[in-house]
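The structure appears below as structure tokens.
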């Protein structure tokens, strides 16, 4: 009874993000996983758009699997960016790169949108935003970020460093 | 926050609360009772809401503070003691 009430309340209330990150400052941070996630969201969006419906059952099965992977990688992007935002980036980074916080917030919103829709424009914006965050990350490490063509079927760029 | 809904990002509260779980947080319990050891709380740190468990309490007036940590069997090197004013509510339900 109480559980049903709480579940009903939770559906009405707007959901915010609360963080439960690893408490150990391990020092191992990298934007690469978020980039891979963003490329995967693009690839899954491509596959959904290219899906053939010759066999309806197979098509439904494929849609379910591809959507599941798209969802998982969207979640992964949010988790990876959340770790960078909370555990790695410090106040001085946000001061030096005033758009950083806005970029992270934007990436999280785009990630949610790409999970809710089959929208290549949003997926591309998501990747571009993640790439910009990655560039800032490497700059904070006193490294020189460069964009190179990725070896992935997405045919888009990734950010690495010199 | 009388009552708020949060989606969890991170693994530090596993196995109690997992990544992607939703929780309801309310400030009402701590308006009536003091936080106690074992409570899972939401606290505000660097403008962000964190979910942790209270492991030790120092409820003395003036210096009321609580030692918090995640359940994920890891040392809390970054959070540690938090003041009462940083605590925004108690996790009252996990969905």
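Every number in this text was worked out from the coordinates using simple rules, so none of it is lab data. Since this is a predicted model, take the numbers as computed values, not measurements. Methodologically, a virtual Cβ is constructed for each residue, glycine included, from the backbone with ideal geometry; neighbour enumeration extends over all protein chains shown.
Quick look at the values:
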{"item": "The stretch A:35-76 - Rg over Rh from alpha carbon coordinates, Kirkwood radius", "result": "1.03"}
{"item": "Among A:60, A:124, A:135, residue whose mean-square fluctuation peaks in a GNM of chain A (springs only between Cα atoms under 10 Å)", "result": "A:60"}
{"item": "For chain A, calculated [θ]222 nm from helices alone, where every DSSP H run of n ≥ 4 adds -39500 (n - 2.57)", "result": "-21000 deg cm²/dmol"}
{"item": "Chain A - percent relative contact order, Cα under 8 Å, separation 6 or more", "result": "25 percent"}
{"item": "Shielding by partners, peptide B:48-55 (average Cβ within 10 angstrom, other chains)", "result": "3"}
{"item": "Neighbouring partner chain Cβ atoms per residue of A:6-14, average, 10 Å criterion", "result": "5"}
{"item": "Dimensionless Rg/Rh of the protein assembly as shown - Kirkwood Rh, Rg from C-alpha atoms", "result": "1.02"}
{"item": "Contour minus Cα-Cα distance for residue A:30 and residue A:155 (0.36 nm per residue)", "result": "42.8 nm"}
{"item": "Distance histogram for the stretch B:4-94 (every C-alpha pair counted, 10 angstrom bins, percent rounded to whole numbers)", "result": "17, 55, 26, 2"}
{"item": "Residue order, fewest to most beta carbons within 10 Å, for A:72, A:87", "result": "A:72, A:87"}
{"item": "Protection-proxy order for peptides B:9-15, A:80-86, each taking the mean of Cβ atoms within 10 Å per residue, highest first", "result": "A:80-86, B:9-15"}
{"item": "Alpha-carbon gyration tensor eigenvalues x 5, square-rooted, for the stretch A:65-161, Å", "result": "23, 17, 11"}
{"item": "Extension gain (nm, one decimal) between residue A:1 and residue A:50, 0.36 nm per residue minus Cα-Cα", "result": "13.1 nm"}
{"item": "Distance between modelled label sites at residue A:162 and residue A:147, nm, 7 Å Cα→Cβ extension", "result": "1.7 nm"}
{"item": "Relative exposure of B:6, B:33, A:89, judged by other C-beta atoms within 10 Å (fewest first)", "result": "B:33, A:89, B:6"}
{"item": "Residue mean of other protein chain beta carbons inside 10 Å, B:16-22", "result": "3"}
